[in-house]
Amino acid sequence: MKFFIDTANLDEIKQASEWGILSGVTTNPSLYAKIGGKLADFEDHMVKICHIVGEDVPVSAESTATTTEEMVAEGERLAALAPNIVVKLPVCEASLPATHALAQKGIRVNMTLVFSAPQALLAARAGARYISPFVGRFDDIGDDGLTQLETVVNAVKNFDYGYWEQEGGPEIITASVRTPNHVTQAALMGADIATVPFAALKKCVHHPLTDRGLELFEADWEKVKAQA
């Protein structure tokens, strides 16, 4: 499984990149606003992220357009910022033709806000390079987000799609990840990617037995040094 980080925070992106595990970044204007950013500076911020991770690491930048024509125009502008920019669009009637038009131009689209297998299949057929079904938001309303994710993965993996086969796509991004268990189950069911907020990514590093083992190791090492 590939790990993407879901953030606009440059320090978090730098740290995840230094870990050597980062395969991509997903972000949006809302996440940028949470760190004090302004919409007018969003595109410049995307360029900064691209410079940090390098041109081989995809960076999903979300469009704020609402019509097909606006999505295509904004998608072309975003894609021109850096070679690794992926245009992020929400699945809807306006975005499907926009995705198709952008894919024909060789511009990658990450279709987000996917909550069902039919939505995912439509996204794949339209030409989306990445498809992002949400897990945590199902859990928020008392539904089983992992079961919904498994349905999407099984449905999409049943078929071949011509646009991005040479890149191994379309790929399924497990989105709205809240816990290490979301990552574990997504990996077991064959999702390609998990896009994880940095706080949740750090939780994946830790385990109570590991943390206790480190404490014991440090205590033993202190005894050894004291006896030296």
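For the range 131-140, does any single residue satisfy the condition of being surrounded by fewer than 24 Cβ atoms within 10 Å (Cβ to Cβ), within 18 Å of the chain's Cα centre (by Cα) and not hydrophobic (A, V, I, L, M, F, W, C)?
Looking through the range 131-140, at least one residue is surrounded by fewer than 24 Cβ atoms within 10 Å (Cβ to Cβ), within 18 Å of the chain's Cα centre (by Cα) and not hydrophobic (A, V, I, L, M, F, W, C).
Conditions first: (1) modelled with pLDDT under 95; (2) out of contact with any Asp or Glu (no Cβ under 7 Å at 6 or more places or on another chain); (3) under 19 Å from residue 111 (Cα atoms). Residue 29 passes all but one, so which condition is the exception?
Failed condition: (2).
Looking at residue 168 and the list (1) surrounded by fewer than 11 Cβ atoms within 10 Å (Cβ to Cβ); (2) closer than 19 Å to residue 20 by Cβ; (3) within 18 Å of the chain's Cα centre (by Cα), which single condition is not satisfied?
(2)
Residue-wise test of (1) of a type in the set (Asp, Glu); (2) assigned to a strand (DSSP E or B).
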{"position": "4", "(1), (2)": "no, yes"}
{"position": "11", "(1), (2)": "yes, no"}
{"position": "33", "(1), (2)": "no, no"}
{"position": "45", "(1), (2)": "no, no"}
{"position": "48", "(1), (2)": "no, no"}
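Say whether the condition of being touching a residue at least 24 places away in the same chain (Cβ under 8 Å) and β-branched (Val, Ile, Thr) is met by at least one residue in the range 136-152.
The answer is yes; a qualifying residue exists.
Yes/no per residue for (1) of a type in the set (S, T, N, Q); (2) out of contact with any helix residue (DSSP H, G or I) (no Cβ under 9 Å at 6 or more places or on another chain); (3) within 25 Å of residue 101 (Cα to Cα):
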residue: 155; (1), (2), (3): no, no, yes
residue: 161; (1), (2), (3): no, no, yes
residue: 164; (1), (2), (3): no, no, yes
residue: 168; (1), (2), (3): no, yes, yes
residue: 172; (1), (2), (3): no, no, yes
residue: 179; (1), (2), (3): yes, no, no
residue: 187; (1), (2), (3): no, yes, no
residue: 191; (1), (2), (3): no, no, no
residue: 195; (1), (2), (3): yes, yes, no
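If I ask for residues that are part of a helix (DSSP H, G or I) and either small (Gly, Ala, Ser) or within 30 Å of residue 134 (Cβ to Cβ) (or both), which ones from the range 189-210 would you list?
The answer is 198, 199, 200, 201, 202, 203, 204, 205, 208, 210.
Mind listing just one residue for me: the one in the range 9-59 that is free of Cβ contacts under 8 Å to residues at least 24 places away in the same chain and within 17 Å of residue 75 (Cα to Cα) and, of those, surrounded by the fewest Cβ atoms within 10 Å (Cβ to Cβ)?
Once the filter is applied, the top-ranked residue is 40.
Report yes if residue 166 is under 18 Å from residue 4 (Cα atoms) and of a type outside the set (Ser, Thr, Tyr), otherwise no.
For residue 166, the condition - under 18 Å from residue 4 (Cα atoms) and of a type outside the set (Ser, Thr, Tyr) - is not met.
I need the full set of residues from the range 76-115 which are more than 14 Å from the chain's Cα centre (by Cα), free of Cβ contacts under 8 Å to residues at least 24 places away in the same chain and either surrounded by 23 or more Cβ atoms within 10 Å (Cβ to Cβ) or over 20 Å from residue 167 (Cβ atoms) (or both), in order please.
Correct list: 92, 93.
The values are calculated or read from the model by the stated rules, or taken from the named source; none is laboratory data. Because the structure is predicted, anything quoted here is derived from the model rather than measured. Heads up, the Cβs are rebuilt from the backbone with ideal geometry, glycines too, and the neighbour counts pull from every protein chain shown.
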